[in-house]
Amino acid sequence: MVPSTPRPSYFPTHGDDGYRVEHYDLSLDYRVGPNRLGGVARLSARALRPLTRLSLDLGPFRVDGVTVNGRPARFLHRGGKLHVSPKTPERLAPGPFVVEVRYAGNPRPVASHWGELGWEQLSDGVIVASQPIGAPSWFPCNDRPDDKAAYRISVTTASPYTVIANGELVSRRRASSSTTWVYEQPEPMATYLASVQIGRYQQAELGARVRLAFPAGLAGKARNDFGRQSQMLTVFGERFGAYPFGSYTAVVVDDELEIPIEAQGMSIFGANHVDGRRGEERLVAHELAHQWFGNSLTVADWRDIWLHEGFACYAEWIWSEASGDESADHHAVRWHRRLSALPQDFVLADPGARRLFDDRVYKRGALALHAFRRILGDLAFFALLREWTTTNRHGNVTTDMFLDLALQYTTHSFDGVFTAWLYGSRLPPLP
């Protein structure tokens, strides 16, 4: 096996390794027209070592005040970092503490190599799409995928709008012309998966735990195109283990989106992904699969993103064969031929920051899983996937962890074959 060695983070300016957040309590007030957000963020955290200062990731808001354990703290906000120094003669001791930040301003997405990330205005509402570093566009956070926490998200906005956030809706209170929506997400969640959707939506129940939100003009088409999600849940539950959250909501916005977006317990699609003929159903399956691979099991480091995207892409192939369309083997042979024609300069388990969303992360990741399936056989392969999701439920994972588990499912010496798929630059032949 290729040994695990410490390597620089893809995003070294994001996150603080001196503490971990256990709970975010976000109270937001948002005005759609002027795109004005006011917020109070209360973070219950635990210091891992004595701290004289801690940092949060936060975009260009006005910070009106910071407290630590209820006492005013000194702070410096610049360059996307909010540096906080408790006003105590001694260091912040290891153990629990609470930091509260009051802030306001016009949220805008974070610029990146892949476009704008985070809080973004729609033609009439808001979409939040933060993967991988867009969370600071709307709340102060420890923006690293290995710091997962529970959330309470409260959003007050004009009453004609519906607010959808992670977790379960626990209250909705109307006062005059505005409504406050409160959601609670008890399962640990990475910052980039925290999300708020604001729009003029209708909602429908598509199954015991499956919901759909959509603009009125797309009602019929959306109900048809997302109508088989309950069947997908059954298929994926058999292959991947029990669904890891209380419910699942697909949101269709009234704008076009380049790609669908994942969030914990939720996925967001553009109007262009709805045609009334299930023409984009593979994307519906892909985003649903992220609830296991990406949301419940989240990479400890972004270099292992194939553990999200490769698995979700393979779920497309699994749904294809389960629904009577092309087999996973058919998809694999076709994509292996296509990837063989590309430059052989891609390492699946370490693609580089600029290639996080390269199509080879998706398709070579799916091919690697199909190769493992061919070697292990269906019985052992799906048992491996179920153990993988059960053992690491709501946790963080790495490629080495998956490889270690996979090698327990074969009596043969396939170490070299498996590592070639994950760590070699040349695409191996399908077994």
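Taken together, the values in this text are just the output of simple stated rules run on the coordinates, not laboratory data. This is a predicted model, so every value here is computed, not measured. Neighbour counts run over all protein chains shown; Cβ positions are idealised from the backbone, glycine included.
Brief remarks follow.
- In terms of overall dimensions, the C-alpha atoms belonging to the chain reach 62, 54, 35 Å along their principal axes, ordered largest to smallest.
- Coupling constants for the stretch 37-48 follow from the phi torsions by the Karplus curve (6.51 cos²θ - 1.76 cosθ + 1.60, θ = phi - 60°), and in residue order they are 10, x, x, 10, 10, 10, 10, 8, 9, 9, 6, 8 Hz; glycine and proline get x.
- Dividing the Cα radius of gyration of the stretch 114-154 by its Kirkwood radius returns 1.00 for Rg/Rh.
- Here the label points at residue 426 and residue 29, each 7 Å from Cα along the C-beta direction, are separated by 6.4 nm in the simple model.
- Whole-angstrom Cα spans of the stretch 290-353 along principal axes, big to small: 36, 33, 11
- Virtual spin-label span in nm between residue 256 and residue 208, 7 Å along Cα→Cβ: 4.0 nm
- Nearest-20 debye value, the chain charge dipole, Cβ charges on Lys, Arg, Asp, Glu: 1040 debye
- Peptides ranked, highest mean first, by Cβ atoms within 10 Å: ranges 416-427, 254-265: 254-265, 416-427
- Long-range HN-HN contacts of residue 189 with modeled amide H, under 5 Å: 149, 150
- Span-rule helices in the chain, defined as complete DSSP H runs reaching 27 Å or more along the axis (Cα) with Kyte mean at least 0.5: none
- Span from the the stretch 112-175 Cα centroid across to the the stretch 316-362 one, whole angstrom: 30 Å
- Other-chain or far-sequence residues with amide H under 5 Å of residue 166's (modelled H): 195
- The modelled label-to-label distance between residue 277 and residue 359, using points 7 Å beyond Cα along the C-beta direction, is 2.2 nm.
- Projecting the Cα atoms of 340, 361, 391 onto the dipole axis of the stretch 319-431, where Lys and Arg carry +1 and Asp and Glu carry -1 at the beta carbon, places 340 farthest toward the positive end.
- One chain, two ends: residue 415 and residue 344. Fully extended at 0.36 nm per residue, the span grows by 23.5 nm beyond their Cα-Cα distance.
- Whichever lysines have a C-alpha closer than 24 Å to that of residue 148, once near sequence neighbours (fewer than 8 apart) are set aside: 81
- Full-extension gain in nm, residue 64 to residue 325, via 0.36 nm per residue minus C-alpha separation: 88.3 nm
- Across the stretch 1-158, C-alpha contacts under 8 Å between residues 6 or more apart give a mean separation that, scaled by the residue count, equals a relative contact order of 30 percent.
- Integer Hz, Karplus 6.51/-1.76/1.60 couplings in order for the stretch 50-60, x for Gly and Pro: x, 10, 8, 7, 9, 10, 10, 8, 7, x, x
- Under the Debye formula (equal points on every Cα, no solvent term), log10 I(q)/I(0) of the stretch 298-423 at q = 0.14 Å⁻¹: -0.59
- Taking trypsin sites (Lys or Arg not before Pro) across the stretch 193-258, the ones in a DSSP loop with at most 13 further Cβ atoms lying within 10 angstrom of their Cβ are 200.
- Size of charge dipole - the stretch 363-402 - debye, nearest 20, with Cβ of Lys, Arg +1 and Asp, Glu -1, no other charges: 180 debye
- Electrostatic dipole magnitude of the stretch 298-423 [Cβ: Lys, Arg +1; Asp, Glu -1; Cα centre; debye, to 20]: 220 debye
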